[in-house]
Amino acid sequence: MKKNANRKRKLVSYIIITISAILMLTPFVTAALNSLKTYTQYTAIPVEWVPNPFRWQNYLDVWKMTDFAQYGLNSLIVTVLSVVGALLSCSMVAYAFARLDFPFKHSLFLMVLGTLMIPPVVMIIPQFIIFKNMGFLDTLVPLWILEWLAQPFGIFLMRQAFLTIPKEYEEAAKLDGCSPFQTYWRIFLPMCKPQLATLTIFTFMTKWNEIMAPVIYLSSEDKFTLPIGVLSMSGAWFGKEQYLVAAALMTLVPILVVFLFTEKFFVKGASSSGLK
């Protein structure tokens, strides 16, 4: 009886997972099919779900009709610098809060967490004035420099990871003559790969898809990142909306690549770095 019950539960679970996967994939598959249509097929009533023939030329046309390579390069520069800055600054600040002793440590950490409740929109005008006075308007600097100042979410994430590491590792490092920075760099960081991968994914997705900051700080087309670069062409693509869908799908490729490279660290879990 128990075996039959377990089989039924597994069957129901597989059915639910399958239905959920289909529901999640349907918009993506629909967009992919729309990107391979002609405009006549794209606007056809009744809907032509499968393009005939598949027009792969749409992706080449998007590449030729826009400065897609320049937009992609700008986005890549902003995203890579943001990820590097987030990993370094957040992990160092988090290590200090988790493992070092200094005055007002807990009060300062509560203040850091309190900043999570401040809406980003509130800080737009002060940040704009600061960057204007520093001469950073219409450059890529405002899009990535803030990540080098340690954002509160990353600090919280990495601090929780460092707190789970047994104290024996830190004591052994001290006996070997390691300084606090060497302990952080050689011992703690390698043991927190799942959290670093999580922070990488979140930062990459946020910066790659960011629209508000580029719209505020950028005015020259050669500085545009992919999201606003594609949006700026939406008017020129009136009557060619299938190109807009193709461009949107092309912007997803880097995110999928990064996820594939970091996904294995999610499977390992944070418990893989502890003592048993």
Next item on the list: Place a label point 7 angstrom from the Cα of Asp222 along the Cα-to-Cβ direction, then list the residues of segment 28-70 whose backbone nitrogen is under 14 Å away.
Entry: 67, 70
Notebook entry, point to check: Taking the mean number of other Cβ atoms within 10 Å as a proxy for protection, how do you rank 246-252, 29-35 from highest to lowest?
Noted result: 246-252, 29-35
Check: Separation between the Met205 and Ile125 pseudo-spin-labels, each 7 Å from Cα along Cα→Cβ, expressed in nm?
Finding: 3.2
Check: Can you give the angle from 0 to 90° between the axis of helix 124-133 and the longest principal axis of the chain, with both taken from C-alpha atoms, to the nearest 10?
Finding: 80
Next item on the list: Towards the positive end of the charge dipole of segment 1-104, with charges on Cβ (+1 Lys, Arg; -1 Asp, Glu), say which of Ser89, Ile45, Met24 has the farthest Cα.
Entry: Met24
Checklist line | Among (i) 1.07; (ii) 0.93; (iii) 1.03, the entry that matches Rg/Rh (Cα atoms, Kirkwood Rh) as calculated here | finding: (i)
Next item on the list: From largest accessible area down, sort Thr40, Thr18; use a 1.4 Å probe on the protein chains.
Entry: Thr40, Thr18
Next item on the list: Using the Cα centre as the reference, give the magnitude of the dipole from point charges on the C-beta atoms of the chain (Lys, Arg: +1; Asp, Glu: -1; all else neutral), rounded to the nearest 20 debye.
Entry: 1460
Notebook entry, point to check: Where Lys and Arg each count +1 and Asp and Glu each count -1, what net charge lies around Leu108 among other residues with Cβ under 13 Å from its Cβ?
Noted result: +1
Checklist line | the chain: angle of helix 2-34 to the longest principal axis, Cα-based, in degrees nearest 10 | finding: 60
Check: Mind checking the log10 I(q)/I(0) for segment 27-154 at q = 0.10, 0.20, 0.21, 0.22 Å⁻¹? Debye, one equal scatterer per Cα, no solvent, two decimals.
Finding: -0.61, -1.14, -1.20, -1.25
Next item on the list: Using just the helices of the chain, give the 222 nm mean residue ellipticity in deg cm²/dmol: DSSP H runs with n ≥ 4 each add -39,500 (n - 2.57), and the total is spread over all residues, rounded to 500.
Entry: -21000 deg cm²/dmol
Notebook entry, point to check: Could you state the number of Å between the C-alpha centres of segment 32-47 and segment 106-147?
Noted result: 43
Checklist line | Separation between Cα centres of segment 165-183 and segment 203-250, rounded to whole Å | finding: 47
Notebook entry, point to check: So how much slack lies between Leu256 and Ile118, counting 0.36 nm per residue of separation and subtracting their Cα-Cα distance, in nm?
Noted result: 46.6 nm
Next item on the list: Have a look at Ile19, Ile145, Ile155 and tell me which one the Gaussian network model of the chain (Cα, springs below 10 Å) gives the largest fluctuation.
Entry: Ile19
Check: Which of the peptides 107-119, 191-203 is most tightly packed, and how do the rest follow, judged by the mean count of other Cβ atoms within 10 Å per residue?
Finding: 191-203, 107-119
Next item on the list: Give the calculated FRET efficiency between Lys264 and Leu88 to the nearest 0.05, with a Förster radius of 30 Å applied to their Cβ-Cβ distance.
Entry: 0.85
Notebook entry, point to check: Of the cross-linked pairs Lys105/Lys174; Lys64/Lys207; Lys167/Lys193, which ones have a Cα-Cα span greater than 20 Å in the structure shown?
Noted result: Lys105/Lys174; Lys64/Lys207
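The values are calculated or read from the model by the stated rules, or taken from the named source; none is laboratory data. This one's a predicted model, so the numbers in the text were calculated from it and none came from an experiment. When we count neighbours, we look across all protein chains shown, and the Cβ atoms used for this are built from the backbone with ideal geometry, even at glycine. Just the protein is used for accessible areas: all its heavy atoms, side chains included, with ligands, DNA and RNA removed. Shrake-Rupley method; radii C 1.70, N 1.55, O 1.52, S 1.80 Å.
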